[in-house]
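The values are calculated or read from the model by the stated rules, or taken from the named source; none is laboratory data. Given the structure is predicted, the values throughout are model-derived calculations rather than measurements. All Cβ positions, even for glycine, are placed from backbone atoms using ideal geometry, and neighbour counts span all protein chains on display.
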Amino acid sequence: MTLEARLPELAGGWARQSHEISSDLEVELFVPAAPDELLDDDGVVARNEFNDSMPYWAWLWDSAPTMARRIAAEPPASGARILELGAGLGLVGIAAALATRGPAELTLSDHDPLSLAVLPLNAALNGLDQAQTWNLDWRELDRSDPGQFDLVVGCDVAYEARLQEPLLDVVDRYMGPSGIALFADPGRTRLPGFLRRARARGFVVETEDSEGRPAEAAAGAFRLVRIARHPEHLSGTR
């Protein structure tokens, strides 16, 4: 059975996109052809009424390609264990695994069933057949434990203040002792609060712009957030 044949039924159907991350790295993705139609999908509406879920996974947010390019410019070391949080379509995690200097162990996590259905297909589309998917609810971390990771990544995941502490719980539990977490944000007003919460927990935190230069959080400006347990680990992907 082809990968296309394994895609779940979806309002509006599926399309295939190619994303150039660098001169020698391209990521292929299956994406919803008409993501707005999911807002009227019976299953999506039912989940929203149950737990306020929205199909954010269905859009490739502006920060994702920029974050993927930054990671590809400073790729993880060979053998890295990589976890993407709120993976959605999986662009950042897939790009990180492909850019790694040697083999990598990739886990793509989300909490939306449609995202979890397409993530392994997107990984396989890029030759990452061994990638794992994980139904991860940040508020229920006792359900399973895959160990710790060298690199934890998340794109546009700190936009709700109420979920910032649970997000940092995930970082604290699954980022290895010498690991690093990278988060991309397009310049939302809640980013400074996320940075304060991370520092209050004792994490070492740095922010940089799309070119890798140190830069404070600013409204409307892309920032890559680096989080580690110790200062010497902040350059873990450099």
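Quick notes on this one:
- Test: residue in segment 86-102 that is out of contact with any helix residue (DSSP H, G or I) (no Cβ under 9 Å at 6 or more places or on another chain) and not hydroxyl-bearing (Ser, Thr, Tyr): yes
- Selection count, segment 223-238, where residues are surrounded by fewer than 16 Cβ atoms within 10 Å (Cβ to Cβ) and assigned to a loop (DSSP other than H, G, I, E, B): 3
- Residues satisfying the stated conditions in segment 26-37, i.e. surrounded by fewer than 17 Cβ atoms within 10 Å (Cβ to Cβ) and either touching a His at 6+ places or on another chain (Cβ under 8 Å) or not in a loop (DSSP other than H, G, I, E, B) (or both): Glu26, Glu28, Asp36, Glu37
- Of all residues in segment 90-137 being surrounded by fewer than 19 Cβ atoms within 10 Å (Cβ to Cβ) and touching a His at 6+ places or on another chain (Cβ under 8 Å), the one that is modelled with the highest pLDDT: Asn135
- Scanning segment 124-157 for residues that are under 25 Å from Pro186 (Cα atoms), in contact with a helix residue (DSSP H, G or I) (Cβ under 7 Å, 6 or more places away or on another chain) and free of Cβ contacts under 8 Å to residues at least 60 places away in the same chain yields Trp138, Arg139.
- Scope segment 111-136; condition more than 19 Å from Glu28 (Cα to Cα) and under 14 Å from the mean Cα position of the chain (by Cα); matching residues: His111, Asp112, Trp134, Asn135, Leu136
- Every residue from segment 151-166 that is surrounded by fewer than 22 Cβ atoms within 10 Å (Cβ to Cβ) and either farther than 17 Å from Arg197 by Cα or of a type outside the set (Gly, Ala, Ser) (or both): Asp156, Tyr159, Glu160, Arg162, Leu163, Gln164, Glu165, Pro166
- Some residue of segment 164-186 being assigned to a loop (DSSP other than H, G, I, E, B) and either of a type in the set (A, V, I, L, M, F, W, C) or modelled with pLDDT under 95 (or both): no
- Across segment 180-213, the number of residues qualifying as within 16 Å of Ala73 (Cα to Cα), exposed (fewer than 14 other Cβ atoms within 10 Å of the Cβ) and without any contact (Cβ under 8 Å) to a residue 40 or more places away in the chain comes to 2.
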